[in-house]
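Let me begin by presenting the structure, written as structure tokens, before commenting on it.
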Amino acid sequence: MALGFFLPWMSYAQNPTENIRADTVISIKTPVLLRPSFWFTNKLLGAQVGLGKTVVLKEKHVFKRSGKEKTNIKSRVLSGNLGYYNQPGLHQNTLLTAEYAMTRANCRGFYTEFTPLLGVSRTFLPGTTYEVDAAGNVSIDRNAGNWTLTGGFGLGLGKSFEDKPFNSLKTISARMITQVFYPNFRFVSLKPSFQLNTTWELNRLQTLVDKKIKYRYCHEK
């Protein structure tokens, strides 16, 4: 590993006008991620919890003749979530979703995030709902509500704490979520909301991922 790192520098010293590339792939163990979050708007308040797995991990280092180094880290996390929110006076909703979080971080641990999601939801109506059958008999429907499909995406900013190896808290982030529910009483319901997220590492549960590391040695200052 060390020899593979220094050989490009030796070549770079001999050819200072050329850009040098060095790539490597290593298999590492990454913890399963616990992802609790809260979301709200002016009309609803909710929470969700999810379990995630890192499926893609890429690290890129760019070195310049001036001695400066630029580092970018890209990751992809696939997770399943169980969520609940209450919209007073309208309904309560339970959601089961899958999301694919795509993040890009700098060397200081700050990152941007784009997260598409897809799932199903079950709406429950508050209060007492009566049902009338074909014969005109009236009964109480204790499970009043409906099933809908939901999809959407989120845009966010966050801070990673991976530089603290003994800290189980991995990230804190905030993002705007836009979700579509179908079918809905308005045919399609569009619901934007604000979400606060944390990610915790479950260090006793480990999965393997191939970490791709790229080195670039540029002649530009």
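Every number in this text was worked out from the coordinates using simple rules, so none of it is lab data. Keep in mind it's a predicted model, so treat the numbers as computed, not measured. Every residue, glycine as well, gets a Cβ built from its backbone with ideal geometry; the counts of neighbours run over all protein chains shown.
Annotations
- For the listed peptides 112-120, 203-211, a ranking on the average number of other beta carbons within 10 Å per residue, highest first, reads 112-120, 203-211.
- FRET efficiency estimate (nearest 0.05) - Cβ-Cβ, Glu59 to Leu196, R0 25 angstrom: 0.35
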